[in-house]
1. Within region 23-74, track down each residue that is under 28 Å from P91 (Cβ atoms), exposed (fewer than 13 other Cβ atoms within 10 Å of the Cβ) and of a type in the set (D, E).
2. Could you tell me whether any residue of region 122-137 is in contact (Cβ under 8 Å) with a residue 40 or more places away in the chain, closer than 15 Å to S188 by Cβ and of a type in the set (V, I, T)?
Amino acid sequence: MRPSRAGQIDCLYRIRYNLDVARTVLAEQIRAARRQHGLTQAGLAERSEVSRVTIARLESGAPQDLRARTLARLCEALGLEMAALPLGGQPRLEKRLAREKDRTRRVERRRDHAVLAARLLAAPRPEARQLIARAQGVVDRWGRDRLCSQHYISRWRALLAGPVERVARALIEPSDWTDALFQNTPWSFALPGTRP
């Protein structure tokens, strides 16, 4: 059965819309990669052996016929990989990448706090107590200036209470609140890479 005229027009509209979206996404990716490499359009043209006019039209999202070889040369010059994705595949990949980056940040924060726990245990007791007192002062300022919720502040106060060994253990033992607490930590002054 042949689709109606209205059905044909709707199908053509959807194809054109998807091509416009794909062209816009491609333009943004090529432009961003070019800028990330510190290249001008002329510099990319020289590196890829694609004309500057073609690059300018591509980056503007202007409709044009683009050969796969031309796109391959641009991708090679920019260190990009060409891939065919199902419709809607790009947003799914971006969401997956964002989740993976978030997971990596959580793992890094846990690692940094574990290193800090080892530092507290290895330091002379007066120095370790001084670091803990400084972190407690940060939490007190959060409460005084109302910078965080009371639940958050009370949890940090509980983690920072007691002897050095208990505080160090609290920094490495996972809990339901670990990731949330480590996002905004009173230890930023003492974490690896942030020490004065």
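1. Result: E28, D65.
2. no
Bear in mind these aren't lab numbers, they're just calculated from the coordinates by the rules spelled out. Remember, it's a predicted structure, so these values are computed and weren't measured experimentally. Cβ atoms come from the backbone with ideal geometry, glycine included; neighbour counts cover every protein chain shown.
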